[in-house]
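The values are calculated or read from the model by the stated rules, or taken from the named source; none is laboratory data. Keep in mind that this is a model prediction, so the values were computed, not measured. Cβ placement follows ideal geometry from the backbone for every residue including glycine, while neighbour counts extend to all protein chains displayed. To get the accessible areas, we keep the full protein, side chains included, count just its heavy atoms, and leave off ligands, DNA and RNA. Shrake-Rupley method; radii C 1.70, N 1.55, O 1.52, S 1.80 Å.
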Amino acid sequence: MAVEIVYETHATTTDNEAGIATGWLPGRLSDLGCRQARELGERRPGAGFAAVFASDLHRAVQTARTAFPDGRPPIHQDIRLRECNYGDLNGHPISLIAAQRAQHIDEPFPGGQSYRQVATATRGFLHDLATGWDGSRILVIAHSANRWALDHLLTGTPLEELLQAPPTWRPGWHYTLPADWPASIR
């Protein structure tokens, strides 16, 4: 069997609108983001999900709780689904982070982490999905770094290639986590 993963980024935040890279800061949804989160719940009203897994950062949790206010499907927060920690650059302009992104694939941001470390955390999350949720359909609400990690881990696309393109939004990405998913990062 396999785990079907539907991935959604958190809804728009006040930082997004201001051109700020929130990183590990909590962030909060803007008025537009609150509408987007409600639309997520309307677009995917349960949709056969066994569970929703969200980053434990406030903006992702707020998205999940706004989309599914009755707690169905059940919402689980997971620290391994956090955005990349930009360390000293959390809360700085997105343009600054984007200009440095390729330098931090393996080298952590000062006081933070690397994108490879995000992939490693996401790998641990996928391992737990493969062993505990086999045959399930799961909704994940997280951040752009996690989507890159999923693409890297589940499609084999190199992080170097993924980080060249700016993050784009769309209403969900679909992944299949095979039952025999490998134990090591490609």
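A few notes on this one:
- Taking the Cα centre of segment 53-182 as reference, the dipole from Cβ charges on Lys and Arg (+1) and Asp and Glu (-1) amounts to some 380 debye.
- Overall, the accessible surface of segment 1-70 at a probe of 1.4 angstrom is composed of carbon and sulfur to the extent of 52 percent.
- Neighbours of Ile105 by Cβ distance under 12 Å: Lys/Arg scored +1, Asp/Glu scored -1, total -2.
- Segment His58-Glu161, length gained on full extension (0.36 nm per residue, minus Cα span): 34.2 nm
- Sum of side-chain charges, Leu29 neighbourhood, beta-carbon under 13 Å (Lys, Arg +1; Asp, Glu -1): +1
- In the chain the Cα-Cα distances spread across 5 Å bins starting at 0 as 1, 8, 18, 22, 21, 16, 10, 4, 0 percent of all pairs.
- Only protein atoms count toward the accessible area here, which uses a 1.4 Å probe; on segment 92-162, the carbon and sulfur part of that area reaches 52 percent.
- For peptides 5-15, 30-40, sequence by mean Cβ density within 10 Å, most packed first: 5-15, 30-40
- For the chain, the solvent-accessible area works out to 45 Å² per residue, with a probe of 1.4 Å and every protein chain left in place.
- Farthest positive-ward along segment 1-85 dipole, Cα basis, beta-carbon charges - from Ala60, Pro45, Ala18: Pro45
- Highest average packing first - 88-99, 151-162, Cβ atoms within 10 Å: 151-162, 88-99
- Extension gain, Arg72 back to Ala50 (0.36 nm per residue minus Cα-Cα distance, nm): 7.0 nm
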